[in-house]
Amino acid sequence: MAERAMPSFTKSPPELVERFAAVLDDYPNAVRKKMFGYPAAFVGGNMATGLFADQWVVRLPEGEIAAARAAGAGPFEPMPGKPMKAFVVIPRDDVADDAAIRRWVERGLGTASSMRAKT
């Protein structure tokens, strides 16, 4: 059986990494670590939000995904055809807007904190 090569992922732009760090500085209870090699924030061991290449993604409850998509959020597929259904890509305009990005991040943190903690 042939070995499957790990896909190579594009690094996040430095300005997006800086934006992520600056926004997350306001949420000291979020634990920051890497996911897929990108900055991410976790609550109770559950990923709440993070970067992937040039995208900022957030975890939402299943019942909020459709409304988020209708409001402009995109599907999150770290690999083509492999969606992470609990996450959406935050619209770029919202990433640049202080109030909007904080609303998304707080929704993600709330979702992660409502989940059973991983030990």
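Taking the Cα-to-Cβ direction at MET84 and at ALA70 and moving 7 Å from each Cα, how far apart do the two end points lie in nm?
Distance between the two pseudo-spin positions: 2.5 nm.
Select one label from (i) 6.9; (ii) 10.3; (iii) 8.4: the one whose number is mean projected area of the Cα convex hull in nm² as derived from the coordinates shown.
Read-out from the structure maps to (iii).
Assuming R0 = 22 Å, what is the FRET efficiency of ALA22 and ASP54, from their Cβ-Cβ distance, to the nearest 0.05?
Numbers: r = 17 Å, r/R0 = 0.77.
E between ALA22 and ASP54, to the nearest 0.05, is 0.85.
Could you state the angle between the C-alpha long axis of helix 14-24 and the longest principal axis of the C-alpha atoms of the chain, as a value from 0 to 90 degrees rounded to the nearest 10?
50 degrees
Between ARG102 and THR10, what is the FRET efficiency for a Förster distance of 22 Å, r being their Cβ-Cβ separation, to the nearest 0.05?
0.25
How large is the helix-only mean residue ellipticity at 222 nm for the chain, computed as the sum of -39500 (n - 2.57) over DSSP H runs with n ≥ 4, divided by its residue count, in deg cm²/dmol to the nearest 500?
On the way: 4 runs with 42 residues, N = 119.
Value at 222 nm, helices only: -10500 deg cm²/dmol.
At 1.4 Å probe size, put GLU15, GLU62, GLU77 in order of accessible surface, largest to smallest. Before the final figure, lay out each step's value.
Working: GLU15 120, GLU62 170, GLU77 85 Å².
Largest accessible area first, the residues go GLU62, GLU15, GLU77.
Per the 1.4 Å probe, what fraction of the accessible area of the chain, in percent, lies on carbon and sulfur atoms? List each step's numbers first, then the result.
On the way: 4030 of 7360 Å².
Exposed carbon and sulfur together represent 55 percent of the surface.
The values are calculated or read from the model by the stated rules, or taken from the named source; none is laboratory data. Just so we're clear, the structure is a prediction, and the values are computed from it rather than from any experiment. Neighbour counts run over all protein chains shown; Cβ positions are idealised from the backbone, glycine included. Quick note on the areas: whole protein, heavy atoms, side chains included, nothing else; ligands and nucleic acids left out. Shrake-Rupley method; radii C 1.70, N 1.55, O 1.52, S 1.80 Å.
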